[in-house]
Amino acid sequence: MVALTGRRHLPYAALLLVPVLAAGCATDPGPTWSAPTSSPTSATTGTSPTAPASATPTAAGSPTGSPGPESADQPAPTATPGADRLPHVFPVRARNVDYHPTHSGYPGTDIFADCGEPFVAVTDGTVGEVSRRDRYDKRGPQGPYNGGLSVSVLGDDGVRYYGSHLTEIAVGIEPGGRVRAGQQLGTAGRTGNANNVCHLHFGISPPCLGEDGWWIRRGVVWPAPYLDSWRKGGNRAPADEVAAWHRRHGCPAKPPGR
């Protein structure tokens, strides 16, 4: 884990920051997609959700294994038998953590925690998009690169779980690699348009293979009811809600209102 910076008292400080972050988290990044060319490779696997193995993060923006700034070999969505019984865990492993039930402009959640706190896989699955380079520029286009460093996981329940504004991404986290619930993917941070506030933007969406864009990956259903469950040790699963949204909307080719 990297050194922690920017400690805050939560939950009151977090709630006061929501208006500031409303503009900062309005959109998230979109890596370039490429079709899978081989079977998923093995990544470092964690232990059970109660005692996950912590992978060693890499320095922010420093690629390990994959050339170029980002990569996104996403496998076809396939839910395993008994996916409704898969474990689900809270995506940030920290004592000092809070989140708001709503978000500006679209369904998503900002989870407030100190920089360096572990961002972990919500459930068993396969790594999808990985962005190891912070390409956000406030003078450039708003939307495609807003999330800075980010990782998504396609859960074995068929749901994509996405976290952005990371400080670091863990070693061995590469597209196509397998991860277990509770395994560390990276660390909470303030890359992209996080407005210098340490937090994790968390989104839940269908996989939408191909050039789906950041407007789906950033989140399409409200995470708060599931976060409430996971934080208390429950196992509420978003698969049915995500599947229903996907049946109604498909994979929109452009952001809403554009």
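Throughout, read-outs are computed from the coordinates displayed, never taken from laboratory work. Fair warning: this is a prediction, and the values are worked out from it, not measured in the lab. Note that we place each Cβ from the backbone using ideal geometry, even for glycine, and neighbour counts take in every protein chain shown.
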**Request:** Using only alpha carbon positions, build the gyration tensor of region 107-246, then give the equivalent ellipsoid semi-axes as the square roots of 5 times its eigenvalues, largest first, whole angstrom.
**Result:** 21, 17, 15
**Request:** Based on the mean of other Cβ atoms within 10 Å per residue, sort peptides 181-192, 90-101, 215-226, 158-169 so the most packed one is first.
**Result:** 158-169, 181-192, 215-226, 90-101
**Neighbourhood net charge (10 Å Cβ-Cβ; Lys/Arg +1, Asp/Glu -1) for Phe119** = -1
**Complete:** Charge tally for neighbours of Tyr226 with beta carbon under 13 Å away, counting Lys, Arg as +1 and Asp, Glu as -1, is -1
